[in-house]
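Comments concern the structure below.
The values are calculated or read from the model by the stated rules, or taken from the named source; none is laboratory data. As the structure is a computational prediction, the values presented were derived from the model and not from experiment. Counting neighbours? That spans all protein chains shown, and the Cβs are built from the backbone with ideal geometry, glycine included. Quick note on the areas: whole protein, heavy atoms, side chains included, nothing else; ligands and nucleic acids left out. Shrake-Rupley method; radii C 1.70, N 1.55, O 1.52, S 1.80 Å.
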Amino acid sequence: MRWFLFCYWYEPDAPSDPVGLVRIWSLARQLVERGDRVTVLPPRYRSALLQRGFSTAPIPVLPWRVLRPVSYAVLSCIVGLMRAWSSKPDVVYYRWMDSPHPLLFARLLGAQCVCEVNGEPVPDWSETDRTIKRRFKHWLASFALSRCDRVVVLTDGLRDLVVRRYRVAPERVAVLPSGTDTDLFVPQDAAACRRRIGVDLDRDYIGFVGSFYRYQGLQCLLEAMAIVRRNMPSVHLLLVGDGEAAPELKQQADRLTLSPCITWAGRIPYQEVPAWIGAMTLCVAPFRRDRGETSPVKIFDYLACGKPVIASAIPSVSATFTQETGVTLVPPDDPVSLAQVMLALLKDPDRQARMAVDGRNFVQQGFSLINIINRLREWLVTEKASIYHADPRIL
């Protein structure tokens, strides 16, 4: 199969190299390993220039807010048409980006159009929200998603949402949850990882990896950490990432006198993330109650590294994870409950070990990127065959 992947992404706090494209690179590599031909059309970020193993066509974009996505849409279509002249795609795959241009591109070339929806297309939309911008985004999402050949969603909740709100036919929607690269994210010796990243060997570390947005619940984590420190003063917090909430989080840490026991790692290269997770005693995903539908990628990464995980019991998390899968669920936005569970787990190494084994097995059995991409390819091939079975030449 021949794939074109469209993937516009912009992060104001990382304008030169956002982390949101990491999963697109992984998807491209996995497809190539299965013998497919892949062309990725990303914005011209630094990481886009460094990718190897598949074809990339980095798209220059204008720096201004309104023109940035428009310039990507126009130029990516032009470059895509030039690439399609010599290698016409069978599948145009894109992550929802407030634009229908990949759909129009696919229709022009007669390719299947597949849209991945990994979060609510129009967050916090409601019937009482009458702002012009939200109404237009809602209409745009309905127009595009209802006309795509296939829509890939990451949770059952997202499937229900796109069917109900955006008028997508249920038979054209597939739930393919996020997974992780189980060859990259593997259990490692904690002491070796701690030496590698330069932290003390003899402490317990609670860790978080991700973007510092308010919906991540890091304010709650800091409040819980203050409780933990009163009971176990040697425990340290590793925060890997950055984002718009970082300044206020650091102010909160100062108020709680937590700064000496926090390592702010900042953004790190993706290949180094497993070593930081490997240094942690336990990992947390303290999502806020209002997070909305999401597929919690970080939890899969934690589990693949053989780490016990504590996560907020929001619907899209509790629908996938249980104690038997290596994850202890806690009420969201409740620092006392979070602290109690962290303390109990820190004091129980045997339970940590059991959760580590259970979590790694859980991910390997159903949530490795290899398994998920195989399911995606099989789904597309099967559906295409069912549509065109009367004319095998099309296949």
> Listed residues I268, I314, I277; which is open to solvent by 10 Å² or more (accessible area, probe 1.4 Å) and hydrophobic (A, V, I, L, M, F, W, C)?
Replying inline: I268
>> Give me the strands (runs of 3 or more DSSP E) completely within the range 194-272, filtered to those with at least 1 residues that are aromatic (F, W, Y), ordered by residue number.
In response: 205-209, 262-266
> Which one of these is of a type in the set (V, I, T) and closer than 22 Å to L376 by Cβ: V74, V79, V114?
Replying inline: V114
>> Going by what's in this entry, would A285 be described as within 19 Å of M355 (Cα to Cα), open to solvent by less than 20 Å² (accessible area, probe 1.4 Å) and of a type in the set (A, V, I, L, M, F, W, C)?
In response: yes
>> Exactly one of these conditions fails for Y213: (1) surrounded by 16 or more Cβ atoms within 10 Å (Cβ to Cβ); (2) touching a helix residue (DSSP H, G or I) at 6+ places or on another chain (Cβ under 7 Å). Give me its number.
In response: (2)
> Just wondering, is there one or more residues in the range 352-374 that are open to solvent by 50 Å² or more (accessible area, probe 1.4 Å), in contact with a Leu (Cβ under 7 Å, 6 or more places away or on another chain) and of a type in the set (K, R)?
Replying inline: no
> Within the range 243-260, can one find any residue that is open to solvent by 10 Å² or more (accessible area, probe 1.4 Å) and under 16 Å from L282 (Cβ atoms)?
Replying inline: no
> What are the residue pairs meeting all of these: first residue in the range 75-92, first residue in contact (Cβ under 8 Å) with a residue 40 or more places away in the chain, second residue open to solvent by 40 Å² or more (accessible area, probe 1.4 Å) and assigned to a helix (DSSP H, G or I), Cβ atoms under 6 Å, and 6 or more apart or on different chains?
Replying inline: none
> When residues of the range 321-337 are filtered for being farther than 19 Å from I277 by Cβ and either surrounded by 20 or more Cβ atoms within 10 Å (Cβ to Cβ) or within 18 Å of the chain's Cα centre (by Cα) (or both), how many remain?
Replying inline: 3
> T182: surrounded by fewer than 21 Cβ atoms within 10 Å (Cβ to Cβ) and out of contact with any helix residue (DSSP H, G or I) (no Cβ under 6 Å at 6 or more places or on another chain), yes or no?
Replying inline: no
>> Checking the structure you have, find out if any residue of the range 220-238 is of a type in the set (V, I, T), under 30 Å from V122 (Cα atoms) and buried (at least 19 other Cβ atoms within 10 Å of the Cβ).
In response: no
